[in-house]
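So the structure is just underneath, and the comments pick up after that.
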Amino acid sequence: MSFKDILNSGKFAVTAEIGPPKGTDIKEMLHHMEILRGKIDAANITDNQSAVMRISSIAVCKLALEYGLEPILQMTCRDRNRIGLQADLLGAYVLGIKNVLCMTGDHVSAGDHKQAKPVYDVESVQLLKIVDGMNNGKDMAGNDLKGATDYFQGAVVTPESNPIEPQLMKFEKKVKAGAKFFQTQAIYDIEKFKTFMAHARQFNVKIMAGIVVLKSAGMANFMNNFVPGIKVPQNLIDELKAAGKEKALDTGLNIAARHIKQLKDEKICDGVHIMAIGMEDKVPAIMERAGLL
Amino acid sequence: MIATKKREFKDLMENIKDYKSFFLVGCSECASLCGTGGEPELAELKETLEKEGKTVTGTFRAKTGCQVLGTKVELKPFKEHLDKTDVVIVMSCGAGTQAAVEIFPDKPVYQSNDTLFLANMTRYQIFDERCSLCGECILDETGGICPVTACPKGLLNGPCGGTNDGNCEVSPDIKCCWVRIYERLNKINRLDDMKKTREAKDWSKSQKPRALIARTKEEKKK
Ligand code: SF4
Ligand code: SF4
């Protein structure tokens, strides 16, 4: 079943993230694809993540297809204008890529080419509209396409954004612009997430909760202080601390698995998106502990 | 106004090292307010150049240095000084420099400043950028705060995921303009403006180089 069919059928979907490497040595990345193949429903292929230049997302999506892993093309608006974005959308589609995640993209100042000119000719909401138009046979300027796309398009949302109201307004704009599914920024407080879900459930879209594995109490504190829109509650930090250095990662995996199980069992959302950030090999372990394998 | 910043003197020196005599042109408008092209700066550069063994044939502060005709007329009395001059150094903005290039077709013109942005002066000699001259203003829809300029990504439909407790992902020194817009629209009871989806900007409206004839036909004849 395709990723789209899985989500639409109401089955709890699982996606994970593959970050293309910087350079032509793709052995490790292919190894990660190998590990994830047959276990997850689709893999997000990041687009110059954190504004750090890497192999293009489309190229790696194509490799994923060849490896039997359904890709979700992450597309940011940072590096291409509307002509480049649309050309790549058509190009990716003819290569067999069917899912696209439309995002604005981290600013170049976060990355490794700080002198680059940031583009942002369009942004996430407008990119979603572009995809919707192309699915209906038109480019952004209203010209007819010789052959439309049939993308399953998604977007991102940050349920713990502070203040939350502007974020929710943008979420609604993304729904109106045609987003069919959402992957959220990492969430750690399930009760608070339920409040967000109560709002999101008014709309006919699929929501996948973002899961980032906590490797240590230090990492949790770092994220609280420096990563926008992420709030790790104190009780989880205490749990990691109590586990001690040796057991911290294992505890982090348990926390992720516990959250996934709860989200699934209580039917809180439609799936999870696991961002392992360098620990792709741990994804099967998390899924196993969550009772998904 | 236009914000300008003095270049390092050694960089200016590197550009003008082959020449001996200079005429300095400041500006009484923005460059004076920025402290880059007023009387004190003209005097300072004159002194520095002379210390380096150069000759300064004259200094002059234009009323409005970007105004080509006006500045040309103002410079007429300086003809003698200018005839003895190898190079004109302009101490205003890039527009002032290019006015001088037009006024002095036969002389090299160099500039002592970098030109930064269209500026609001918030306190004496403290400037920030609030409008980037996009050619099609959307302030009426955004509570009078410009996201094209105040958001490093120029987003038109609300905050990105990087918005951080009211600050911008790019720097904690920048407030997230979409939180500012949200708060202001909330205050003036116009939150509905934020719910409208804004189309992508029409950048053809700011295709360079831009030109404008603001006067009417009749005036032109006169
Ligand atoms: S939208 Fe912003 S950049 Fe454009 S004209 Fe208005 S204030 Fe200036
Ligand atoms: S945090 Fe706010 S101001 Fe900064 S880039 Fe994002 S939307 Fe723009």
Check your understanding: Which percent of the accessible heavy-atom area of the range B:2-117 goes to carbon and sulfur, probe 1.4 angstrom?
Key -> 51 percent
Point to revise | Spin-label model distance (nm) - residue B:191 vs residue A:234, 7 Å beyond Cα toward Cβ | key: 3.0 nm
**Study point:** Peptide A:121-132 - average C-beta neighbours from other chains (10 Å radius)
**Key:** 4
Revision key, fill the gap. A chain fully extended from residue A:221 to residue A:115 at 0.36 nm per residue, minus the present Cα-Cα distance, gains in nm 35.1 nm
Revision key, fill the gap. The simple spin-label model distance between residue B:114 and residue A:148, using points 7 Å out along Cα→Cβ, in nm, is 5.0 nm
Point to revise | Average accessible surface area per residue within the range B:2-117, 1.4 Å rolling probe, Å² | key: 53 Å²
Point to revise | Estimated FRET transfer efficiency (residue A:50, residue B:211; beta-carbon r; R0 51 Å; 0.05) | key: 0.80
Check your understanding: What residue among B:209, B:105, B:147 has the largest mean-square fluctuation in a Gaussian network model of chain B, using Cα springs under 10 Å?
Key -> B:209
Point to revise | For residues of A:108-116, the mean tally of beta carbons on other chains within 10 Å | key: 1
Check your understanding: Projected onto the charge dipole of the protein assembly as shown (+1 at Lys/Arg Cβ, -1 at Asp/Glu Cβ, origin at the Cα centre), which of A:205, A:276, A:262 gives the Cα projection farthest towards the positive end?
Key -> A:205
Review point. Other chains' Cβ within 10 Å of A:158-170 residues: what's the mean?
Key: 6
Study note, to complete from the structure: Per GNM of chain B with C-alpha springs under 10 angstrom, the most fluctuating residue out of B:16, B:188, B:145 is B:188
Exercise for review: Report the calculated FRET efficiency for residue A:288 and residue A:199 (r = Cβ-Cβ distance, R0 = 35 Å), to the nearest 0.05.
Suggested key: 0.60
Revision key, fill the gap. With the 1.4 Å probe rolled over protein heavy atoms, the range B:135-206 has an accessible area per residue in Å² of 49 Å²
Review point. In terms of Cα to Cα distance under 18 Å, which aspartates and glutamates are near enough to residue A:138, apart from those fewer than 8 places away along the same chain?
Key: A:88, A:150, B:199
Check your understanding: Round to a whole number: what % of the accessible area of chain A belongs to carbon and sulfur, probe 1.4 Å?
Key -> 52 percent
Check your understanding: Using alpha carbon centroids, what distance separates the range B:129-163 and the range A:32-88, in Å?
Key -> 30 Å
**Study point:** Beta bridges per DSSP with both ends in the range B:2-117, % antiparallel, nearest 5
**Key:** 20 percent
**Study point:** Max mean-square fluctuation residue, GNM over chain A, Cα-Cα springs under 10 Å, options A:279, A:140, A:33
**Key:** A:279
Revision key, fill the gap. Zone reached by a paramagnetic label modelled 7 Å from residue B:106 Cα along Cα→Cβ, restricted to the range B:77-96 with backbone N below 15 Å, covers B:79-88
Study note, to complete from the structure: Interface B-A: total buried accessible area (1.4 Å probe, Å², nearest 100) of 2300 Å²
Practice item. Please give the FRET efficiency for residue B:123 paired with residue A:242, using the beta carbon to beta carbon distance and R0 = 60 Å, rounded to the nearest 0.05. Key: 0.70
Study note, to complete from the structure: For residue B:134 and residue A:162, extending 7 Å from Cα along the Cα-Cβ vector and measuring point to point gives, in nm, a value of 2.9 nm
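The values are calculated or read from the model by the stated rules, or taken from the named source; none is laboratory data. Note that the structure is a prediction, hence the values are computed from the model and not measured. Positions of Cβ are generated from backbone atoms using ideal geometry, with glycine treated the same way; all protein chains shown enter the neighbour counts. SASA here: full protein model, heavy atoms, side chains in, ligands and nucleic acids out. Shrake-Rupley method; radii C 1.70, N 1.55, O 1.52, S 1.80 Å.
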